[in-house]
Every structure is written in C-alpha cells, then in structure tokens.
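Here is the structure we will look at, set down as structure tokens.
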Ligand SMILES: Nc1ncnc2c1ncn2[C@@H]1O[C@H](COP(=O)(O)OP(=O)(O)OP(=O)(O)O)[C@@H](O)[C@H]1O
Ligand SMILES: [Mg+2]
C-alpha cells in the first residue's frame, strides 16, 4: 500500500461527521438511490456503501467497510481520483470482483478546500451491453439476409428480352421505360400470355430499386383466406397453426418492388386493406398491433377489365385510381402481325438452348401458318407450340405439319348437331376435360385455367361449386 496517501489533513474527519443529523440525512438519501455508491476516506478506507451497491454487485457491507480501496481495487477509479484529485465521468469498466460491467462517475470530496475522500456512483450496464451486442449481431444478420434476399428475389428479365418490332408494342415499351425510372405505380394490362410479367421484371430492373428485392404475389393463386397473411405476415399465435411469426410479402419487398399479379382477382375485403397500406406506407401483421413502415414500389397486372369490374362493384374504385397511375397496355399478338416472325425466331433460339437442340428455323409454309394463326393464347401459346414442335422435330427446319399439330387450336366443342345443353352443365364438362388434359396438380390447374381463359381463382371457385354435393 502506498503510505503517502494515507496521510490526511484530518484523519478523524469521517469519525467526526458520522452520526451527525446532516450525515444521517445524506445517508437516507443515498440509501434510496438506485445507483451503486461507495465512499472512501482520503486514505482509501471504505466508509460507506449503499444498498444499491449490494444489489448490483452482490458485495455486502462486511465485504467492503473497513477495507482499503488501495488493496481491494488498486486500479479502480477511486484510487485514481484519490491520487489525482480530479473527477472521472462516464468511465466504462468491468467490476471484476462482482463480474459485471458498469459505468461510473467518480469524484473527490473536498471540505474547506481539503480533499477528505472520494465517492463513486455507478450503474450496472451488463444487460445493456448484452443487448447492444445482440443488436449488433442482429444488424449483421439482417444485412446478410437482406443481401441474400435481393439475390434470390430478383427480376430475371429486362427490356432486352422483350421482342417488339410492331408499332403498338414499341409504344407500350416507350411508356414502360419512361415509367420505370420513376417511383410511380404501374398497371400492366393485356390478355393472358401477352408478356405482362416480362414487362414487370424489366421495369424493376431498370429502376433505382433494381438491387433490392422484386417480390411477386399472384393474387389469383393464393387461397382467399390466406391472402392477408401472405401479404402482411402474421404474429405467433394469430390463429391456430401460427406457431411462428411470419414476415409478409410487403415487408420482404421493403426497399424494392412488389408485383401484384392478377390484381383483378383480389377479394374486396383485402382490397380495402391494400388501399390503406398503399396510402399509409405501413403494414400491420395479422394478429399484431405494431405498424411496420414499408417502402415499396407497386407494379400491378391484370388480364381483366378493371374498369368493368369497378362498374360491377367487384373492384374498389379508389383502389383502381390508386393503382392505375401509369397504364401500360400490352396488345394481343393478333394485333401485332409484325412481331410474330421475330418472336418465333427468338423463342426458337431460346428453346434450342433450353433443350440442347439445333433446329435452325421454319419452312416457308410453316412461317406462313404462324403469321396467319390468330394466337388466342398470345406469346405463351407460341412458346408452348414451338417447344412442342422442337421436341417432335426430326429435321433442321420445322415443317408446317409439326407446328400445326403442336398448336392447341380452338377448343373442339364436340357439340355439333347436339341438343342445346345447360350452360353450367357445359361449363362443368369443359372444366372436367381441361383437368383431365392438364392434371389436377396446382401446375395442371394453372394450365387448365389458362386454356379456359379464366383466372385460377375462378377455376378453384368453379371446381368447388361443381364438386359440392
Ligand atoms: N415481347 C415478348 N418477347 C419475348 N417473349 C415474350 C414476349 N411477350 C411474352 N413473352 C413470353 O411469353 C410467355 C408469357 O409471358 P408472361 O408470363 O409475361 O405473360 P402474362 O401477360 O403475364 O400472362 P398471364 O396473364 O397469363 O399471366 C413468357 O414465356 C414470356 O417470356
Ligand atoms: Mg402473368
């Protein structure tokens, strides 16, 4: 022990003040304070610790009173202050004998300009430190996950993938490209298979959000009762089966783009919630109360006539105006003859690559029938037709015969000469045939819906209707 510090002007100071009314008042105050307090005299003998000191450190009066701080904590702040006579504020340190982390303010005690001791007041910050470490770790994880998500949830196509020589498509491309670099909501309209999804990807990819997630939600393919939780997520215990919290698609799309495919098939109650989310930029998870800020750009698409749905009361007018800020209308293939041959060439190249084939082109006659066909299923139908033909092809040029046999063609009603049949009976029969052809899997049902030119949701509704006892 450094004896030079034991000497004090008045070695009996603490004995004299102890027990006086003033001292008792201060002790009562210190006893009520939540911070740990320790007081030593000029020589380092511990005079007082408050109950909070014991609560925080686990050290009792007997462990400290009568001990000398130069011996028990020789490198602590009280020793430093006794040695220098100057205070130390906001010092973070580990209290080794108690195994905790504290933030301490330590000051000398002067009476009549004579230092008679020192006091330390400290807070336990072990929990705060742990929480800080957890927050740092979580932030790191979030960064990694966000990075991974933006890699997985990417838009695959861009404008270079869109073949469009005809005037109407060049016009659509022009509007889409201009809209892409803004933050505006885009509504893509057009028949099934015209390329709405291709446009949605391309718009995201040239936007300022291209490095952030592109999240697609097919409003027709998700069962109605699950739509809200798919969109907005849910909290643990929100409903039976919600064993864990789930983040919704809107939250996943934060910073990026959400693609609301087949928005015309969205049920009315969800339309109301969607409108609120778009207006407020906040989502609330199902079963939750907290509003979560989301920054998403919306691209919506539909092959239905939204205006007509509004008139029929099936689509909210306010949502229609909220979504229809910039409308990109994609014309059906039959209205853009100039695109048919370039598209067929483009799709043939892609198909060769995909199937590892080397079909060089089409015969003259085949090209003629491609141009004359009216493509009710648009580009998708053409892709399917060419893929099937390439698989069947035995020559380097695709002949007309193979192509024609690959066309799905106008559906054969099989009704010629028959007596009139009730529409719903016919509808049921057509659905049965489509399902037989494409299968009852989800993928099969999607194909069947496309072939029947109805939305997947309508198909499900009709299946339910006809299967009902
Ligand atoms: N202009 C185009 N250039 C190249 N490929 C195209 C073009 N338009 C459509 N396609 C192709 O046609 C197929 C159907 O396109 P897409 O899925 O974008 O149609 P869609 O309008 O979203 O149809 P649906 O309403 O049925 O969902 C895809 O394979 C797509 O790559
Ligand atoms: Mg689509």
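Some observations on this one:
- Most to least packed among 96-105, 390-399 [average Cβ atoms within 10 Å]: 96-105, 390-399
- Semi-axis lengths, largest first, of the ellipsoid equivalent to segment 335-406 are 18, 13, 11 Å, with √(5λ) applied to each eigenvalue of the Cα gyration tensor.
- Segment 274-349, relative contact order [Cα under 8 Å, separation at least 6], %: 18 percent
- For the chain, the longest principal axis of the alpha carbon atoms and the long axis of helix 423-438 meet at an angle near 70°.
- Over all pairs of different C-alpha atoms, segment 155-329 has a mean inverse distance whose reciprocal, the Kirkwood radius, equals 16.6 Å.
- In the chain, the calculated helix contribution to ellipticity at 222 nm averages -14000 deg cm²/dmol per residue, counting -39,500 (n - 2.57) for every DSSP H run with n ≥ 4.
- Among 442-450, 128-136, 81-89, 43-51, sorting by the average number of other beta carbon atoms lying within 10 angstrom of each residue, highest first, gives 43-51, 442-450, 81-89, 128-136.
- Each peptide in 185-196, 61-72 receives the mean, over its residues, of other Cβ atoms within 10 Å, and ordering these scores from highest gives 185-196, 61-72.
- Each DSSP beta bridge with both residues in the chain is either parallel or antiparallel, and the antiparallel ones are about 60%.
- The chain, relative contact order in percent, only Cα pairs under 8 angstrom and at least six apart counted: 11 percent
- Relative contact order for segment 423-467, counting Cα pairs under 8 Å that sit 6 or more residues apart, in percent: 31 percent
- Compared with the dominant Cα axis of the chain, that is its longest principal axis, helix 378-392 is turned about 70°.
- Pair-distance profile P(r), taking every C-alpha pair of the chain, with 10 angstrom steps and integer %: 4, 14, 18, 15, 10, 8, 7, 8, 7, 5, 2, 1, 0
- Rg and Dmax over the alpha-carbon atoms of segment 90-204 stand at 31.4, 97 Å.
- Comparing segment 148-227 with the 2.2 N^0.38 Å rule of thumb, its C-alpha radius of gyration ratio is 1.18 (two decimals).
- C-alpha long axis of helix 456-467 to longest principal axis of the chain, angle in °: 70 degrees
Throughout, read-outs are computed from the coordinates displayed, never taken from laboratory work. Everything quoted here is computed from the prediction, not taken from an experiment. Ideal geometry is used to build each Cβ from the backbone, glycine not excepted, and the neighbour counts take in all protein chains shown.
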